[in-house]
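Read the structure below first, then the notes.
The values are calculated or read from the model by the stated rules, or taken from the named source; none is laboratory data. This one's a predicted model, so the numbers in the text were calculated from it and none came from an experiment. Every residue, glycine among them, receives a Cβ derived from its backbone with ideal geometry; neighbour counts consider all protein chains shown. The protein model used for the area step is the full one, side chains on, heavy atoms only, and it has no ligands, DNA or RNA in it. Shrake-Rupley method; radii C 1.70, N 1.55, O 1.52, S 1.80 Å.
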Amino acid sequence: MARNFVCNNKENIVETTGGVVKGFSLDGISIFKGIPYAEAKRFHKPQPASWEGVKDCTSFGYVCPLVEMPEPNNELLVPHRYWLMDENCLNLNLWTPGLDDKKRPVIVWFHGGGFESGSAIEHEAYEGENMAKCADVVSISVNHRLNVLGYLDFSEFGEEYEDSGNNGTNDMIMSLQWVRDNVAKFGGDPDNVTIFGQSGGGMKVTTLLQTPAADGLFHKGMVMSGVIDPFVMGDSAGSAKEIVEALLDTLGLESVKELEEVPYDALVAAYLEVKPAFMKAGKNFGGSPHPNDFYAGDPLVTDFREETKNIPLLIGTVFGEFAGFVPTAYDRKALSRDEQVEMLEEKFGAEKAAKLIPIFEKAYPGHPVIDLLQLDWLFRHPTMEYIKKRSALNDCTWSYLFDFESELDGGTVPWHCADVPFFFHNTCMVPTTWKGDVTEKLEAQMFGAFMNFARTGDPNGDGTTLPAWPASSADAEHTMIFCEETHEAPANYDHELQDAYKDEVGLMMAAEVWGGDNADKIQH
């Protein structure tokens, strides 16, 4: 099918606070890639970007350099794109249906990868074109500093490094300030901004809610698999002076000023050499936001800030999460129930299996009981606690669980990231989501609910065939189960299961899923 493409020196030209940008349009959607929203010296706070002339924004900008190069894997489950890397990575991408004054809802995406890796374009399904086209919204994705560049605290080495342990968050705040100051020229409403993210991106949403400097820059949030038990991904509390001194010693340097000039590869090699000891000891190793006056800390450890307690939040997880990536040595649908029970008894012991099986079948009556081996609790249990604590403060927190079974290998539980294509209206890009009309129906439900939420702060409304979806309360979590037959689960439907699973077998299963070096993180 022919598509309408426009790129010239007269159309899709916009003057921003930093300078003039040139994009292109595809089937009526104007697209701008790699717009610089800020610039920064290494370890320093970002400053607004500016340039002379017309900035060509028809190509994606640099992404933050990785700490470690990943090995290709799970591409059927999460199709990746790796891009050119450079520290000059403070840029964003934007898709809009019109360069006019229509004041559309604005939706800003913060990518996954913890606070260490990933990019705004890493997952193929991060594309914002279909979102803009199908819902008449402005869609934006953001790159920012990560890892040692964005979250190692050098503040004890001079005022110029103030709050360097939160520079990645500072970058995100600068991107939202750019949105506030410029998005109206791209047909968006700066007074109706929804931020959302998955995994590390969801953590970035919860971090921004706890960061006073972000107040007023967004009005709603969606957290997808973004709350994890603090013992796995805690705040980088305490002093980072020791690890910085270890870095200097490893590199044979005397000052942080010299670290600013070290080639990135050498900096990272030294960091990877010293990091494990600090991680194992539970010391600050710069892997996440640093709690201080700038960042109030994880609300599961501290409290929700009064200023953001009434911001509507859509929050959920996926049935399998990281366990969904682990290949099974069995055909989950070919096993009899007796065979499944026998396998669970062998894995957990007869007493624990007998305790878990009936409450699992009560919570998930459509699942074979063997799926206990792939049940997530690392995300679901703390998300459950987060919702309970936040819902005590407001009536605008909505809970979901994604439980759509893929056709892969005869039927698999959903994995970490499996919900991303549905919320972006991009299942067409990920073949493992395809189940014909079933996929189309579920995508319409999830995308419609998200777009309702972005417009009004409530997922209920026109454009979706979902059943009524109540907000949660401190006593009753009302969870929408997104699956082949989407439904609202009974209040607190899996709380007994989650508590028992965590107490009985959680650590053992988490260690198996994360494995290797990450086993130390789980134990500490």
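Tabulated data for the structure shown
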quantity: The listed residue being out of contact with any helix residue (DSSP H, G or I) (no Cβ under 7 Å at 6 or more places or on another chain), aliphatic (A, V, I, L, M) and part of a helix (DSSP H, G or I), out of 359, 387, 370; calculated: 387
quantity: In region 129-175, the residues that are in a helix (DSSP H, G or I), touching a residue at least 60 places away in the same chain (Cβ under 8 Å) and among the aliphatic types (A, V, I, L, M); calculated: 131, 132, 135, 148, 149, 172, 174
quantity: Residue tally, condition touching a Lys or Arg at 6+ places or on another chain (Cβ under 9 Å), polar (S, T, N, Q) and part of a loop (DSSP other than H, G, I, E, B), over region 176-202; calculated: 0
quantity: Unmet criterion (only one of (1) within 24 Å of the chain's Cα centre (by Cα); (2) farther than 23 Å from residue 511 by Cα; (3) assigned to a helix (DSSP H, G or I); (4) among the aliphatic types (A, V, I, L, M)) for residue 323; calculated: (2)
quantity: Only one of 288, 225 that is under 26 Å from residue 156 (Cα atoms), touching a Gly at 6+ places or on another chain (Cβ under 8 Å) and crowded, with 18+ Cβ neighbours inside 10 Å; calculated: 288
quantity: Count of residues meeting criterion [open to solvent by 90 Å² or more (accessible area, probe 1.4 Å), among the aromatic types (Phe, Trp, Tyr) and modelled with pLDDT of 95 or more] in region 53-104; calculated: 1
quantity: Residue within region 174-189 that is open to solvent by 10 Å² or more (accessible area, probe 1.4 Å), aliphatic (A, V, I, L, M) and under 16 Å from residue 138 (Cα atoms) present; calculated: yes
quantity: Hits in region 455-511 (condition: of a type in the set (Asp, Glu) and modelled with pLDDT of 95 or more); calculated: 458, 475, 477, 484, 485, 488, 494, 496, 499
quantity: Selection status of residue 366, at pLDDT below 95 and in contact with a Cys (Cβ under 9 Å, 6 or more places away or on another chain); calculated: yes
quantity: Matching option when the condition is surrounded by fewer than 24 Cβ atoms within 10 Å (Cβ to Cβ), within 23 Å of residue 55 (Cβ to Cβ) and charged (D, E, K, R), among 116, 127; calculated: 127
quantity: Odd one out for residue 170 among (1) open to solvent by 10 Å² or more (accessible area, probe 1.4 Å); (2) among the polar types (S, T, N, Q); (3) farther than 25 Å from residue 259 by Cβ; calculated: (3)
quantity: Enumerated helices (runs of 4 or more DSSP H) restricted to region 407-524, each holding at least 2 residues that are of a type in the set (Gly, Ala, Ser); calculated: 437-456, 507-514
